[in-house]
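> Have a look at the structure that comes next, please.
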Amino acid sequence: MSGPGPKDVVLVGGGHAHVHVLRALRAEPGVRVTLVTRDLVTPYSGMLPGVIAGLYAPVQAHIDLAHLAVATGAQLLHAEAIGLDRANKRVMVADGAPIPYDVASINVGIAPALAPIAGAAEHAIAVKPIGSFLDKFDILLARAGRPYGPRRIVVIGGGAGGVELLLSIRSRLMAQACATAFSFALITDGEILATHNPRVRAAFRQIFAARNIVTYEHARARAITADGVELQNGEIIAADAVLVTTDAAAPSWFSSTGLALNVEGFLAVNAMLQSANDPDVFAAGDCAALPSPREKAGVYAVRAGPALAANLRRHVHGEPLQAWRPQRRHLALISTGERYAIGSRGVFKVEGAWVWTLKDWIDRRWMQQYR
Ligand SMILES: Cc1cc2nc3c(=O)[nH]c(=O)nc-3n(C[C@H](O)[C@H](O)[C@H](O)COP(=O)(O)OP(=O)(O)OC[C@H]3O[C@@H](n4cnc5c(N)ncnc54)[C@H](O)[C@@H]3O)c2cc1C
């Protein structure tokens, strides 16, 4: 740490954990907080499918980071971080001077990973990271509204994100255009919702069947062309628009930092959310690899926020850090494209309009803290 005077805590990325840190470190004695962010607004993942389905206006599901920084007394630098000069303790940014830090914290999410599917970079729409997806979705929506626009929509990826996304897109397109014009399919290399219980899977399979959504399970996409998706077994699925929401990759700049990484290139942290090989660097959310791995879900990034803020505060004041032990399971509330949702936790499953109302209440209450 530098000598006397306020310590510089530099937050890299305005993800779900850092928005909490901004609030928690507001007016913290001896601490000067700077947020370095590529985007001035950041989406809240829980409400994003609702925006796609047309249930929320985009503004309801986005946090205005510039306003939040002003309200919490933080400095904001609108720039993309591209590296860390750890020897001189500086965050390197594209087109700007390096930013000195005493403690840096990284919450930048993930990067798209289209490389494993041939032709995906040219022909597919990457859903992750979610921050840049809504603009792409607006373009798809505009194209789909034209007489010869896309009609056959395929989503690759059968996790909760892919399932919810496909149902939301379907609701939106059916509401805005002729009901019979579209066809929808989901391709996944395992079962749909593989991390959920069989009752949840059965409920979604039933919903898909009722809505004429064709599901290709245990089907690996090998290539994407202008005409559709080619599966590993040679089958071709014709498509006009292909959205990919499979696992994502670590941001490429991590490899140049010298920070400890896991095998997939994500930042390896200990239970205190502190880099495994640099005590002055912390990380949380999708970009971090915890000692006991957790699903890459917004809910864990949200829950990491209070633990991260507390440990940043302790570290700056030279106090012992505390371990964060996130629950192994969480209650997932997966919407079905309208005001209806299915709740899933362990072997437990509930569904109904009331589940969506509960989800809506939880999500609005969380967003309210950052208005
Ligand atoms: C369609 C879809 C639906 C989903 N629905 C859910 C859901 O209902 N519930 C759930 O729990 N999860 C859901 N997820 C997963 C969820 O989106 C992610 O797990 C979550 O966004 C991760 O949060 P994060 O804070 O780690 O990163 P992000 O939310 O991605 O935030 C990262 C921030 O860092 C900024 N940034 C990135 N790179 C840089 C850089 N180099 N320099 C500066 N700033 C940078 C970005 O602008 C962004 O503001 C969904 C995902 C998808 C694709």
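> For the chain, what is the charge dipole size about the Cα centre, in debye to the nearest 20, if Lys and Arg each add +1 at the Cβ and Asp and Glu each add -1 at the Cβ?
The calculation lands at about 1040 debye.
> Where nothing but the Cβ of Lys and Arg (+1) and of Asp and Glu (-1) is charged, how large is the charge dipole of the stretch 270-371 around its Cα centre, in debye to the nearest 20?
Magnitude of the dipole: close to 340 debye.
> What does DSSP give for the chain in terms of the percent of beta bridges that are antiparallel, rounded to the nearest 5?
So the antiparallel bridges amount to about 45 percent of the total.
> Within the set of other residues whose C-beta is less than 14 Å from the C-beta of Arg328, count the net charge using Lys and Arg as +1 and Asp and Glu as -1.
+4
> Only sites in a loop by DSSP and with at most 15 other Cβ atoms within 10 Å count here; which GluC sites (Glu not before Pro) in the stretch 189-261 make the cut?
Loop-located and lightly packed - Glu191, Glu217, Glu235.
> Under 5 Å between amide hydrogens, which residues at least 5 positions from Ile156 or on another chain qualify, with H placed 1.01 Å from N in the peptide plane?
The answer is Ile187, Leu243, Val244, Thr245.
> Give the calculated FRET efficiency between Ser292 and Ala66 to the nearest 0.05, with a Förster radius of 45 Å applied to their Cβ-Cβ distance.
Calculated value: 0.80.
> Sticking with this one: Report, by chain and number, residues whose modeled amide H sits under 5 Å from the one on Gly228, excluding near sequence neighbours (fewer than 5 apart, same chain).
Ala239
> Further, regarding this structure: Once you list every other residue whose beta carbon is under 15 Å from the beta carbon of Lys359, what net charge do they have if Lys and Arg are +1 and Asp and Glu are -1?
0
> Next up: Apply the Karplus parameterisation 6.51 cos²θ - 1.76 cosθ + 1.60, with θ equal to phi minus 60°, to every residue of the stretch 61-72 and state each ³J(HN,Hα) to the nearest whole Hz, in sequence, with x for glycine and proline.
My calculation for the stretch 61-72 gives 10, 10, 9, 7, 5, 5, 5, 5, 4, 4, 5, 9 Hz in order.
> Note down the magnitude of the dipole of the stretch 1-63 about its Cα centre, charges +1 on Lys and Arg C-beta and -1 on Asp and Glu C-beta and zero elsewhere, to the nearest 20 debye.
Charge dipole, the stretch 1-63, about its Cα centre: 100 debye, nearest 20.
> Can you tell me what percent of all Cα-Cα pairs in the chain are more than 28 Å apart?
46 percent
> So which lysines can Lys359 reach, going by Cα to Cα under 21 Å and dropping same-chain residues fewer than 8 places off?
In chain and number order, the partners are Lys296, Lys349.
> Follow-up question, since we're still on this one. So, counting K/R as plus one and D/E as minus one, what does the shell of residues with Cβ under 13 Å around Met174 add up to?
Here the count lands on +3.
> Considering the options Ile117, His317, Thr257, tell which one lies farthest towards the positive end of the dipole of the chain, charges being +1 on Lys and Arg and -1 on Asp and Glu at the Cβ, about the Cα centre.
His317
> Report the label-to-label distance for Asn212 and Arg199 in nanometres (one decimal), using points 7 Å from each Cα along the Cα→Cβ vector.
Placing both labels 7 Å along Cα→Cβ, they lie 3.2 nm apart.
> Can you return the aspartates and glutamates within cross-link range of Lys136? Criterion is Cα-Cα under 18 Å, with same-chain partners fewer than 8 residues away left out.
Leaving aside aspartates and glutamates fewer than 8 places away in the same chain, those within reach of Lys136 are Asp39, Glu122, Glu164, Asp240.
> Heavy atoms only, probe 1.4 angstrom, no DNA, RNA or ligands counted: give me Glu319, Glu264, Glu338 ranked by accessible area, highest first.
Greatest to least solvent exposure: Glu264, Glu319, Glu338.
> Another question, if that's okay. Given a 1.4 angstrom probe, I'd like the percentage of the accessible area of the stretch 219-294 that is carbon and sulfur, rounded to a whole number.
Of all accessible area on the stretch 219-294, carbon and sulfur atoms account for 50 percent.
> Suppose all protein chains stay in the model; what accessible area per residue would a 1.4 Å probe give for the stretch 195-290, in Å²?
44 Å²
> A further question follows. Could you tell me how many cubic angstrom of Cα convex hull volume the stretch 120-247 has per residue?
Dividing the Cα hull volume of the stretch 120-247 by its residues yields 104 Å³.
> Please list, in chain and number order, the residues 5+ apart from Leu193 or on another chain whose amide H is under 5 Å from its amide H, with Hs placed from the backbone.
Residues meeting the criterion, in which the H sits 1.01 Å from N, are Gly159.
> Binning every alpha carbon pair distance of the stretch 17-108 at 5 Å from zero, what are the percents per bin?
All Cα pairs, binned at 5 Å, distribute as 3, 13, 21, 20, 18, 13, 7, 4, 2, 0 percent.
> Something else: Could you go through the stretch 311-322 in sequence order and give the Karplus-derived ³J(HN,Hα) for each residue, using 6.51 cos²θ - 1.76 cosθ + 1.60 with θ = phi - 60°, rounded to whole Hz, and x for Gly and Pro?
6, 5, 4, 4, 4, 4, 8, x, 9, x, 7, 10
> Quick one: of the DSSP bridges fully inside the stretch 120-246, what percent are antiparallel, nearest 5?
So the antiparallel bridges in the stretch 120-246 amount to around 25 percent.
> While we're here: On a straight-distance basis, which lysines could pair with Lys7 in a cross-link, Cα separation under 27 angstrom, same-chain partners fewer than 8 positions away excluded?
Lys89
> Another question about this same structure. Using 1/(1 + (r/R0)^6) with R0 = 22 angstrom and r between the beta carbons of Arg146 and Met174, what's the FRET efficiency to the nearest 0.05?
Efficiency, from the Cβ-Cβ distance: 0.85.
> HN-Hα J couplings of the stretch 357-371 from phi, Karplus 6.51/-1.76/1.60, θ = phi - 60°, integer Hz, Gly and Pro as x?
Listing the rounded values in order: 4, 5, 4, 4, 5, 4, 5, 5, 5, 5, 4, 4, 5, 10, 7 Hz.
> Just the accessible area for His78, please: 1.4 Å probe, Å², rounded to the nearest 10?
110 Å²
> Can you tell me, using C-alpha contacts under 8 Å and at least 6 residues apart, the relative contact order of the chain as a whole percent?
19 percent
> Accessible area of Lys359, 1.4 Å probe, to the nearest 10 Å²?
The accessible area comes out at roughly 20 Å².
The values are calculated or read from the model by the stated rules, or taken from the named source; none is laboratory data. Just so you know, these numbers come straight off a predicted model, no measurement behind them. Note that each Cβ is placed from the backbone with ideal geometry, even for glycine, and that neighbours are counted across all protein chains shown. Surface accessibility is based on the protein's heavy atoms, side chains included, excluding ligands, DNA and RNA. Shrake-Rupley method; radii C 1.70, N 1.55, O 1.52, S 1.80 Å.
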